[in-house]
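Accompanying notes for the structure given below.
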Amino acid sequence: MRELPVVTKNLLAINVIMFFASVVAARYGIDLDKYLGLHLFLAEDFRPIQFVTYMFMHGDFRHILFNMFALWMFGRVLESVWGPKRFLIYYFVAGIGAGIIQEIVQYFYYVTELSQYAYVALPGMRIAMAEYLNMWVTVGASGAVYALLLAFAMTFPNERLYFFPIPMPIRAKYFVLFYGLLELFLGMAPTVNDNVAHFAHLGGMLFGLILILIWRKTGKIYGPYN
C-alpha cells in the first residue's frame with residue numbers, strides 16, 4: 001500500500017489513540033466525553049474548544065471504524081490532490097461547521113420543546129433541566145468525514161465506488177447525493193430516534209460545499225498551497 005499522506009496519517013493516529021484513551025479512562029470511572037465531547041452551548045459543561053475536540057471522540061468501535069475507513073479511503077486521495085495544508089483546513093472547517101449546525105438544531109429543539117420546563121421525566125427518574133442539557137453530547141468525526149465524501153464526489157464525480165451490500169458500482173456523485181438525501185430524511189423524520197447527529201453530517205457537507213465553492217471561485221482549489 002502506498003504510504004499515507006502526512007495529515008491523513010496523523011488524523012487516523014490521533015483518532016485511534018483518543019478512542020483507546022477513552023476506553024481506558026472509562027475503566028477508571030472517567031468519562032472523557034464529558035470534557036471533550038461537544039455540549040450544547042447552554043450547558044454548564046460546554047467549552048468552546050469542544051468544537052475541535054469532539055471530532056476526535058467516538059461512541060463505540062463501529063462508530064470509529066466507519067469514520068476511519070472513510071478518512072483513509074477518501075482523505076488520502078484528497079490530500080494528494082489538494083496538499084496537506086488545504087486538506088487540513090477543509091477537514092477542520094467542515095468538522096467545526098458540523099458542530100455549529102448541531103448546536104443550532106439542538107438549541108431550536110430546546111427552545112420549541114423544552115424551555116418551558118424546569119425538569120425532564122426520564123424512565124425511572126426526574127432530573128433538572130440543567131442536568132439534562134449536560135447529557136446532550138455530540139462526538140465523532142462524521143461531520144468532517146461526510147464533507148470528505150462530498151469533496152471526493154465533486155472532484156471525481158464519475159469515479160465508481162463499491163459499497164457492501166450493493167452488488168454494483170455507483171458513481172461518486174450519485175452515491176453522495178443519495179447519502180445526503182438519506183441524512184436529511186432521517187434528520188427530519190419524527191419517528192426516527194437513532195441517537196445519530198444527522199444534521200451534523202449535513203452541516204459538515206454544507207460547510208465543505210461552501211469552502212469548495214469559495215476556492216473554485218477564487219481559483220485556489222488547486223495550486224501551491226501545500
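The values are calculated or read from the model by the stated rules, or taken from the named source; none is laboratory data. Here the structure is a predicted model, which is why all the values come from computation and not from measurement. Please note: Cβ atoms are built from the backbone with ideal geometry, for glycine as well, and neighbour counts cover all protein chains shown. Ligands, DNA and RNA are stripped out before the accessible areas are found, and what is left, the full protein with its side chains, is counted by its heavy atoms. Shrake-Rupley method; radii C 1.70, N 1.55, O 1.52, S 1.80 Å.
For this structure, a couple of remarks:
- Top-ranked residue in the stretch 131-173 [being closer than 29 Å to Arg47 by Cβ and of a type in the set (Ser, Thr, Tyr); ranked as most open to solvent (accessible area, probe 1.4 Å)]: Tyr132
- Looking across the stretch 49-64, the residues that are of a type outside the set (Val, Ile, Thr), modelled with pLDDT of 95 or more and either over 12 Å from the mean Cα position of the chain (by Cα) or surrounded by fewer than 22 Cβ atoms within 10 Å (Cβ to Cβ) (or both) come down to Gln50, Phe51.
- Counted residues, the stretch 36-60 - those being hydrophobic (A, V, I, L, M, F, W, C), in contact with a strand residue (DSSP E or B) (Cβ under 6 Å, 6 or more places away or on another chain) and part of a loop (DSSP other than H, G, I, E, B): 1
- Residue within the stretch 91-111 that is of a type in the set (D, E, K, R) and at pLDDT below 90 present: no
- Some residue of the stretch 83-95 being farther than 17 Å from Val196 by Cα, part of a strand (DSSP E or B) and open to solvent by less than 60 Å² (accessible area, probe 1.4 Å): no
- Given (1) outside any loop (DSSP other than H, G, I, E, B); (2) touching a residue at least 12 places away in the same chain (Cβ under 8 Å), index of the condition Phe69 fails: (2)
- Candidates Glu79, Glu44, filtered to the one that is touching a residue at least 12 places away in the same chain (Cβ under 8 Å), within 26 Å of Val176 (Cβ to Cβ) and acidic (Asp, Glu): Glu79
- Residue identified as in contact with a strand residue (DSSP E or B) (Cβ under 6 Å, 6 or more places away or on another chain) and touching a residue at least 60 places away in the same chain (Cβ under 8 Å) among Gln106, Gln102: Gln102
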